[in-house]
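S.K.: Once you've had a glance at the structure underneath, I'll fire off some questions.
The values are calculated or read from the model by the stated rules, or taken from the named source; none is laboratory data. Here the structure is a predicted model, which is why all the values come from computation and not from measurement. Ideal geometry is used to build each Cβ from the backbone, glycine not excepted, and the neighbour counts take in all protein chains shown.
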Amino acid sequence: MIKSRRTRIGDYVIAFICLVIVLTCLLPMLHVLARSLSASEALIRNQVTLWPKGFNFTAYRLVLSDAKYTWSLLWTGILTVIYTAVAMVMTILCAYPLTYEKLKGRRFINAMILFTMYFNAGTIPMYLLLKDLGLLNRPAVLVIPNALSVFNVIIMRSFFYTIPTSLRESAEIDGAGPVTVLLRIYLPLSKPVLATLSLFYAVARWNGYSDALMFMNDRTYHPIQLLLYNILRSVTAIDVATLEGFRTPGLNETLQAATVMFATVPILLVYPWLQRYFIAGATLGAVRE
Amino acid sequence: MVLSSVKARRAVNYLRSYWTLYLMLLLPIAYFVIFRYIPMTYILIAFKKYSLFQSVWEMPWADNYGFEYFIRAFSSRDFLNAVRNTVMLNVLDLLIGFPAPIIFALLLNELPFRRFKRFTQSVTYMPHFLSWIIIAGLALQVFAPSTGLVNVVLRRLGFDPIPFLNHPTWWVFTYVFLGVWRNLGWNTIIYLAALTGVNPELYEAAEIDGANRWQKIRYVTLPGIQPTIVTLLILNLGQILSSDFDRPYALTNALVYDVSNVIATYVYTYGVRGLQFSLTTAIGLFQSVVCVIFLFTANALAKRYGERGIW
Amino acid sequence: MARGRLGWLAALWLVAALVLGPVWTSWAAIPDDPDFDPVARRFRTTREITVEVYDRSNPGGSRPEDNFYTDFIKEGMLRDHNVRVTFVPVPRWTEVEVLNNLLAAGDAPDIAVTYSYPTIQTYANMGGVIDLAPYLEKYKDVLPNLWGLLGEDNLFWNRDPGTGRVWAIEALLFQNKRINTFVREDWLKKLGLPEPTTLEEFESMLRAFRDNAELLLGPDADKMIPYSTSFDVGWRNEHLLLSFVPESITDKEMFVYGFDDRRFLFPNYKEGVRKLNQWYNEGLIWRDFPLYGPGDTTEDNLMRQGFVGAFMHNWDYPYRNGEDSIQVGLQRIVGPEAAFIAVEPFNNDAGIYRKYLSPPIDRKIFFPITNDEPLASLLYLDWISKFENRRFLQIGEEGITHEVLPDGTIRALAATGDKIMNSPQNIDYTLTINGLDLGDPELTARSIALNYPGVDSRYVERAYHITSNEARYTKNFQVGEVKAEEGMQTVLRDKRDLLLQRAIVARPEEFDRVWDAGFADYLRSGGQAIIDERLQKYEQYYGE
């Protein structure tokens, strides 16, 4: 396709804007990365901008050489995969039937689900419930209680709506049941949304730690972010220091920066792999009903 | 006689085709009932005198027909101030932070440089993974009045330093800006996914009709992702009174307290730290009710304009 | 005949009950435990208790519920009292929330610890705490170490005068050290200034720092910070601010106005803040101090880089943490002559360098209502209060966690592995005491001074002595529960900090307006109610 000159200029203007935005996002990350690799003295003097000063792998070495942390990294990875799979299955099971206009009770179920997004009673009742269910301090407690996000269900359902019902109807005429329609038609056409929601769930699980903090006493199953959170708190808990008259011998701020890397890098590795699902035209066009 | 057997047959037919759907819904509904609705009875403590050692039904009712804690919250100047700030900050976030990812997604969609486009996508969602504590630290390094990068440059150029973080009005601007910056790339993901659903044939048709770039966007792209935009808008409007804790808590300081005090920080100080569970729940209930009202309204408005609502 | 005697006996009981009242009935309410041998202080059948221990999750730390020291305690308890101890780890940072969960679920440990008494009062009001008074009285003879260490003072610190109930006992703050004022020794030398001994001298010293910035810092002159402080104004300026309080302040006033830990309600405090406001507007105080919250290391780094001339902080703040300490950092970056020394410049209207210290209380220990073994739990507290046991917990094994110098001084060594101490001097295990106690005060003082690797001990010794010189303590007046204080701690603390910061950065002509407005808000938000109730209760129990 030959582009007009105006379009070409427009392309470059857009590219320039994107570049500016990229820089505002990239530079801080590079700065944090540089901090995580710098000697503490350079950090004290505030000399680090974009490049590490006094190359220092202590923070990483500390985390990666301690079996506690490497195990936690591995465990969090496994947990994330399991959790994402469970959550995606649940989300599909929830969103798909709700796309059938004729389903009786659909409005009621929709309202019932939506309601839960707004009314939430806090940690203590959840704790008591989990205790009664026997889930406390067992690995399943990191998977089941948060297995469904209403927000994600709504997103998925919206995407399913954009798939023309004519496809479903013609399949039904051929004798396909709802399950077959789901597996043969809807899912293959929903790759972008499946990729997106998988990413959302995975990131939430990888970075989440508050449920482990409250409900998981067994340190073997602590996700990596919880371990890092504890390190950070033990280094920076000044109010505690004032009360107790001491500060827990902690690490310097290199570690603070390193913890950010542990949050970001794994997702950075995963995202490009998911990006190939975002190809234009992977779904058929949206036909407004 | 004839009527009821017709009805019966219709019912049987209905069930025969739809039973798998109900089966599929079984697990999710069980989940909601167990993990959301059962704990929800606890919301009653908003009307009761809380005790850690009694069940919800055993606790005595609060004074003033159970509305004691609501009255207490609403007669607190700090609380009203917090509500005002929460609404103000959320509205600003919406006005600026809602269109931003859409525009960015459209821009990315227009980029012909495929590798640069991928690179941009991957980089721009990185800030989303920074916790607000880290961002606050970075913000101080960049925006601090005497030592912040921006102000050092400004001073060297002969301008006065700008109180990004220590003056209420500027602080609000910085607060919103940081929120947009953090979430821009991440929120674009949904729109990018939605954009893949736009039929490429429509673009070709528009091309043939002689449409330029902006016309294509206006008549093909935007309508294509309209359902997504509307859905997200409704959901966002339904969060108008909700309050994030980490963000204002990390960015606040004594000089901007009047605008940085939001419901979440109020609840944390008065409710959580003071072990005032009933108060905390009462405020949460108030927030929920208001949010649901907004949700209903937004949804109804959307339907009025021909959009498909959330339910 | 028999009936007459029974009647007489009944009358005797009635009189006894009426006369001896609550004490008698509470004593009588605790049945003797036949399984317990009071002479040997052992149970015949093994009892089980659970004890809360903080989990700090510090890197390189051991499991707090299962390590060398817990083994030591468990073996000792089993051997000496036939009580099996299990430790329940609770994350230090979310301590109250996790404790709430445990209490709600009925899983609370038998012995629980917290720093906040109002929290315990709240639990008690919900009916979730055991009254310790009758047990402490009844079993006094079998708890010699506990009574010996804490005494009636700390054990009954929180007794309610009306009901006689004690919801929590107070651990002993053995090393009661609080704040110190530090200045740059090398800068004083360079400018030929003597150590300041009055407010005026301190002030002119700060001005001298400011005016000689180029001499002192060379190219970094624009980074000069004569005096540094932080958002926690009350803590970080305590010596100065409290020097404005009249010496004649009565114990009653100290009680009524002393519920705020920073004592900002004490008379004439406002004038101390005015002085800070004046300094701020003269450019003597770090301009950006309100922007940095707790945990931010910016200020510490400015000190390490050598830009700060003076500050007030915890009594040993610049010397803590060895390699990471401010003093070591300072010497590395500026030079070996650079050092912060403790000085004593702020005397009050009577010329005394008065230090208002905390009362000798620390953590509060309480038994949740789920505790079925109060006697066994008290024996645990007694066991860890025994001198030999707590000494071992505090210094550990010779050669591993400490070494003994020729003159008997104990120097701490950093251990790794299972014998590492997760908290300094194992404070998490020595629940009843905070602070090193080696028996002999001089020996203890010298040993403490050695616990700062990288820092010359003479600095620490000097700081150690100055910080508690001319100490005055708030007397403990027992008035029972002050209802107005319930749930207000954090709220009022935040308002206080807000007021203080705003007052300092205000323009001088605005100072009174800002102060009065903030102060009125503080009182209106619950401060006045607390003052009124404290006053009323004091007069009720102690007269005018």
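S.K.: Out of all the residues in the range A:148-175, which are over 23 Å from B:G309 (Cα atoms) and within 11 Å of chain B (Cβ to nearest Cβ)?
M.R.: The answer is A:E172, and nothing else.
S.K.: Moving on to the next point. For the range B:196-219, which positions are at the interface with chain A (Cβ under 7 Å from one of its Cβ atoms) and either over 30 Å from A:F151 (Cβ atoms) or in contact (Cβ under 8 Å) with a residue 12 or more places away in the chain (or both)?
M.R.: Listed by number, the residues that qualify are B:G197, B:V198, B:N199, B:E201, B:L202, B:R213.
S.K.: Does C:R472 count as within 22 Å of the chain's Cα centre (by Cα) and surrounded by fewer than 17 Cβ atoms within 10 Å (Cβ to Cβ)?
M.R.: Working: within 22 Å of the chain's Cα centre (by Cα): yes; surrounded by fewer than 17 Cβ atoms within 10 Å (Cβ to Cβ): yes.
It is true that C:R472 is within 22 Å of the chain's Cα centre (by Cα) and surrounded by fewer than 17 Cβ atoms within 10 Å (Cβ to Cβ).
S.K.: Please find, within the range B:59-99, the residue that is modelled with the lowest pLDDT out of those that are farther than 30 Å from C:L523 by Cβ and buried (at least 18 other Cβ atoms within 10 Å of the Cβ).
M.R.: Result: B:M59.
S.K.: Also: If you scan the range B:263-295, which residues turn out to be more than 8 Å from every other protein chain (Cβ to nearest Cβ) and farther than 23 Å from B:I45 by Cβ?
M.R.: B:F294
S.K.: For C:L216, are the conditions met, namely being farther than 30 Å from C:Q478 by Cα, at pLDDT below 95 and buried (at least 20 other Cβ atoms within 10 Å of the Cβ)?
M.R.: In short, yes.
S.K.: Another question, then. Check off (1) touching a Ser or Thr at 6+ places or on another chain (Cβ under 7 Å); (2) facing another protein chain (nearest Cβ under 10 Å); (3) within 30 Å of C:E485 (Cβ to Cβ); (4) buried (at least 20 other Cβ atoms within 10 Å of the Cβ) for B:Y249 and give me the number that stays unchecked.
M.R.: Here B:Y249 meets the rest and fails (4).
S.K.: In addition: Within the range C:390-409, which residues are more than 16 Å from C:G76 (Cα to Cα) and in a helix (DSSP H, G or I)?
M.R.: Result: C:I395, single match.
S.K.: Part of a helix (DSSP H, G or I), within 26 Å of the chain's Cα centre (by Cα) and either of a type outside the set (F, W, Y) or within 11 Å of chain C (Cβ to nearest Cβ) (or both) - does that describe any residue in the range A:36-55?
M.R.: Checking the range A:36-55: at least one residue is part of a helix (DSSP H, G or I), within 26 Å of the chain's Cα centre (by Cα) and either of a type outside the set (F, W, Y) or within 11 Å of chain C (Cβ to nearest Cβ) (or both).
S.K.: Taking the conditions exactly as written (in contact with a Ser or Thr (Cβ under 7 Å, 6 or more places away or on another chain) and modelled with pLDDT under 95), does C:V90 satisfy them or not?
M.R.: Criteria not met by C:V90.
S.K.: Hey, any hits in the range B:76-83 for a residue that's over 24 Å from the mean Cα position of the chain (by Cα) and either within 30 Å of B:G197 (Cβ to Cβ) or part of a loop (DSSP other than H, G, I, E, B) (or both)?
M.R.: So far as the range B:76-83 goes, yes, one or more of its residues are over 24 Å from the mean Cα position of the chain (by Cα) and either within 30 Å of B:G197 (Cβ to Cβ) or part of a loop (DSSP other than H, G, I, E, B) (or both).
S.K.: Then there's this: Against the definition (modelled with pLDDT of 70 or more and surrounded by fewer than 21 Cβ atoms within 10 Å (Cβ to Cβ)), how does A:I267 come out, yes or no?
M.R.: Judged against the criteria, A:I267 is a match.
S.K.: Looking only at residues that are part of a helix (DSSP H, G or I) and over 24 Å from the mean Cα position of the chain (by Cα) in the range C:243-271, which one is surrounded by the fewest Cβ atoms within 10 Å (Cβ to Cβ)?
M.R.: Within the range C:243-271, the match that is surrounded by the fewest Cβ atoms within 10 Å (Cβ to Cβ) is C:E271.
S.K.: Would you point out which residue out of A:N152, A:N120, A:N110 is under 24 Å from B:T196 (Cα atoms) and either among the polar types (S, T, N, Q) or touching a strand residue (DSSP E or B) at 6+ places or on another chain (Cβ under 6 Å) (or both)? First the steps, then the outcome.
M.R.: Numbers: A:N120 fails: under 24 Å from B:T196 (Cα atoms); A:N110 fails: under 24 Å from B:T196 (Cα atoms).
So the residue among A:N152, A:N120, A:N110 that is under 24 Å from B:T196 (Cα atoms) and either among the polar types (S, T, N, Q) or touching a strand residue (DSSP E or B) at 6+ places or on another chain (Cβ under 6 Å) (or both) is A:N152.
S.K.: Additional query: Hey, could you check the range A:127-147 for residues that are touching a residue at least 60 places away in the same chain (Cβ under 8 Å) and either within 11 Å of chain B (Cβ to nearest Cβ) or of a type in the set (V, I, T) (or both) and say which is surrounded by the most Cβ atoms within 10 Å (Cβ to Cβ)?
M.R.: It comes out as A:L130.
S.K.: Take C:P219 and tell me if it is within 20 Å of C:L330 (Cβ to Cβ), touching a Lys or Arg at 6+ places or on another chain (Cβ under 6 Å) and of a type outside the set (G, A, S).
M.R.: Spelling it out, it is not the case that C:P219 is within 20 Å of C:L330 (Cβ to Cβ), touching a Lys or Arg at 6+ places or on another chain (Cβ under 6 Å) and of a type outside the set (G, A, S).
S.K.: Ok, one more. Just to be sure, is B:P101 within 14 Å of another protein chain (Cβ to nearest Cβ) and closer than 30 Å to C:A124 by Cβ? Write out each step before concluding.
M.R.: On the way: within 14 Å of another protein chain (Cβ to nearest Cβ): yes; closer than 30 Å to C:A124 by Cβ: no.
Judged against the criteria, B:P101 is not a match.
S.K.: So, in the range C:45-104, exactly how many residues are free of Cβ contacts under 8 Å to residues at least 60 places away in the same chain, assigned to a loop (DSSP other than H, G, I, E, B) and surrounded by fewer than 19 Cβ atoms within 10 Å (Cβ to Cβ)?
M.R.: Result for the range C:45-104: 5.
S.K.: Ok, one more. What tally of residues in the range C:358-390 results from selecting those that are within 24 Å of the chain's Cα centre (by Cα) and surrounded by fewer than 17 Cβ atoms within 10 Å (Cβ to Cβ)?
M.R.: So the answer is 4.
S.K.: Identify the residue in the range C:304-340 that is in contact with a Pro (Cβ under 6 Å, 6 or more places away or on another chain) and touching a residue at least 60 places away in the same chain (Cβ under 8 Å) and, among all such residues, is nearest to the other protein chains (Cβ to nearest Cβ).
M.R.: Across the range C:304-340, the extreme among qualifying residues is C:G322.
S.K.: Same structure again: Based on what the data block shows, is C:G76 closer than 17 Å to C:L393 by Cβ and within 14 Å of another protein chain (Cβ to nearest Cβ)? Write out each step before concluding.
M.R.: Details: closer than 17 Å to C:L393 by Cβ: yes; within 14 Å of another protein chain (Cβ to nearest Cβ): no.
In short, no.
S.K.: Right, something else. May I ask you to say which residue of A:Y118, A:Y100, A:Y12 is within 10 Å of chain B (Cβ to nearest Cβ), under 25 Å from the mean Cα position of the chain (by Cα) and modelled with pLDDT of 85 or more? Steps first, answer last, please.
M.R.: Numbers: A:Y100 fails: under 25 Å from the mean Cα position of the chain (by Cα); A:Y12 fails: under 25 Å from the mean Cα position of the chain (by Cα).
Among A:Y118, A:Y100, A:Y12, only A:Y118 is within 10 Å of chain B (Cβ to nearest Cβ), under 25 Å from the mean Cα position of the chain (by Cα) and modelled with pLDDT of 85 or more.
S.K.: Inspect all residues belonging to the range C:228-242 and state whether any of them is surrounded by fewer than 19 Cβ atoms within 10 Å (Cβ to Cβ) and farther than 22 Å from C:D494 by Cβ.
M.R.: No, because not a single residue in the range C:228-242 is surrounded by fewer than 19 Cβ atoms within 10 Å (Cβ to Cβ) and farther than 22 Å from C:D494 by Cβ.
S.K.: Quick check: anything in the range C:199-211 assigned to a loop (DSSP other than H, G, I, E, B) and either away from chain B (no Cβ under 14 Å) or out of contact with any His (no Cβ under 9 Å at 6 or more places or on another chain) (or both)?
M.R.: Initial filter on the range C:199-211 (assigned to a loop (DSSP other than H, G, I, E, B)): none.
No - not one qualifying residue is present in the range C:199-211.
S.K.: Restrict the check to the range B:35-57 and report whether at least one residue is away from chain A (no Cβ under 14 Å) and either at positive phi or part of a helix (DSSP H, G or I) (or both).
M.R.: Scanning the range B:35-57, I find no residue that is away from chain A (no Cβ under 14 Å) and either at positive phi or part of a helix (DSSP H, G or I) (or both), so the answer is no.
S.K.: Within the range A:206-220, how many residues are facing another protein chain (nearest Cβ under 10 Å) and hydroxyl-bearing (S, T, Y)?
M.R.: Of the residues in that region, 1 qualify.
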